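Here's the structure, in structure tokens; my notes come after.
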Amino acid sequence: MPAKARSRPMPESLLGRMLTNTVWLLGGKGFGAICSLLYLAILTRSLGLKGFGHFSLIFGTSQALVAIAGFQTWRIVVRYGAEHVHNKNWGAFGRLSMLCGILDVLGAIVGSVIAWVVFYQFGDALDINPDLVGTAFWFSVAALWAIVSAPTGIVRALDRFDAATYVEAIVPVGRLIAAVGIWLTGPSLVRFLIAWAVIDLIEAALYWALARYLAPDAINWRVMRQWREALHENLGIVRFFLVTFATATVDAAIRNGPLLAVGYFAGTKAAGLFRLAQQLSQGLGKLSTLLTRSAYAEIARARFAAASGEFRKLVIHTSLLAGGASALIVVLAIVLGKQLLALLGGDAFGAAHVILVPLTIGAAFELASVAFEPVLHSTGNARQALGAKLFSLAALAVSISIFAPTHTATGIGWAVAIAGAIAYIFAGIMAWRKLDTPPPPASAD
């Protein structure tokens, strides 16, 4: 049987389709953001500045490992699977999905080995309490095996962002319920970490179940056991994987490196302040994540299914929308940031406002550039997207080395802003130069 259809039809225009998907994501993430602010307030007030600092370092390290080991296989599924879905070639789509699922498993295995090295050999460098090293390791292992990159790509390639919203709500709701329960029965760092890990594993199982439900002709053992054929059916997939993996690794360093640098240069308490400011800046800039998810899938489809004029129009409108939203979040951070930080963590966390502003500027640049990477990937220029990330990482490393010794957490925040600006400039130039190029063959990646 074909993939399960939506109960309501999608708009005809490309921008309308993308915004509809964004609204579905925004509804789920908006609800999730409220839940996350509530459980974040419980965490900060229950654990205190130093305890929350330990939580932040452990969680941040695990997220860096997930980003590196996750291989970003959802991009592979969307990049190549969009055409299979368009042609209703469910066999090829299933084989591609299985290949990406196997890559997720391999990533979890490799990531677990790296986690052992990081926590048991370099735990002191991260300023992690020796008594928490074992807990931190197993928490990271659980996070790695809860990677849902492949099923996420399946759902996005099927254009079922509406269904994904309900599954993704499991994490914020589950964390809020767990946080309240732990708060009432005796808060401890270990109990919070265990709850977070279990909830992530539940979400992973539900995501695969959703993928199976939406595309039963593709997601079944009869089709998926032939996964090796996907290497021949999707020309250029190995090269595209290597480039996107390298991009994801660099992106992980950009996203999580600053927090670890704060832990190294300034200690656990400063890491707690930085993490709360980072969390709030990411919350204000959440639209960038939502637009990336919907824009990536829609631009991938539009590249081979729409006229070049419509494709260009979609990219321009997306960039204008993202630019306006990026300016708004910076204003919100400046005007309301200090009050929000104090509300979430108490007076001790109000000092993080000087960190919040540059982090929000960095998030704003990321939001403004939301259409650039999908354009480069869909036009067969994934390596140029990687080049922009490498420029950004180099700028981040240089800026941290200059600012961190004297300005510590605040200086590292401004290093993030500088790196975001450089990534925006380079990716923007590359994307606009490739906007009118004809659709490439699959092997061009």
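The values are calculated or read from the model by the stated rules, or taken from the named source; none is laboratory data. Model, not experiment: these values are computed from the prediction. Because the Cβ atoms are built from the backbone with ideal geometry, glycine has one as well, and the counts that use them run over all protein chains shown. Side chains are part of the model used for accessible areas, which takes the heavy atoms of the whole protein and leaves out ligands, DNA and RNA. Shrake-Rupley method; radii C 1.70, N 1.55, O 1.52, S 1.80 Å.
The helices (runs of 4 or more DSSP H) found wholly in segment 78-185 and carrying at least 3 residues that are more than 18 Å from the chain's Cα centre (by Cα) and modelled with pLDDT of 90 or more occupy 90-122, 133-145, 170-185. Exactly one residue out of V77, V113 is among the β-branched types (V, I, T), more than 25 Å from G186 (Cα to Cα) and open to solvent by 20 Å² or more (accessible area, probe 1.4 Å), and it is V113. What do you reckon, is F245 in a helix (DSSP H, G or I), touching a Pro at 6+ places or on another chain (Cβ under 9 Å) and either modelled with pLDDT of 60 or more or not aliphatic (A, V, I, L, M) (or both)? In short, no. Beta carbons closer than 9 Å, at least 6 apart along the sequence or on distinct chains, pair a first residue in segment 218-236 that is part of a helix (DSSP H, G or I) with a second that is open to solvent by 70 Å² or more (accessible area, probe 1.4 Å) and of a type outside the set (S, T, N, Q) for L231/V238.
When segment 147-187 is filtered for residues that are under 17 Å from T44 (Cβ atoms), open to solvent by 40 Å² or more (accessible area, probe 1.4 Å) and either of a type in the set (K, R) or free of Cβ contacts under 8 Å to residues at least 60 places away in the same chain (or both), only L184 remains. Residue count for segment 391-425 under the criterion of being surrounded by fewer than 18 Cβ atoms within 10 Å (Cβ to Cβ), modelled with pLDDT under 85 and hydroxyl-bearing (S, T, Y): the result is 1.
Any chance segment 284-299 includes a residue that's at pLDDT 80 or above and in a helix (DSSP H, G or I)? Within segment 284-299 (the criterion being at pLDDT 80 or above and in a helix (DSSP H, G or I)), the answer is no, since none of the residues qualifies. Scanning segment 99-145 for residues that are charged (D, E, K, R), touching a residue at least 24 places away in the same chain (Cβ under 8 Å) and farther than 30 Å from L235 by Cα turns up just one, D127.
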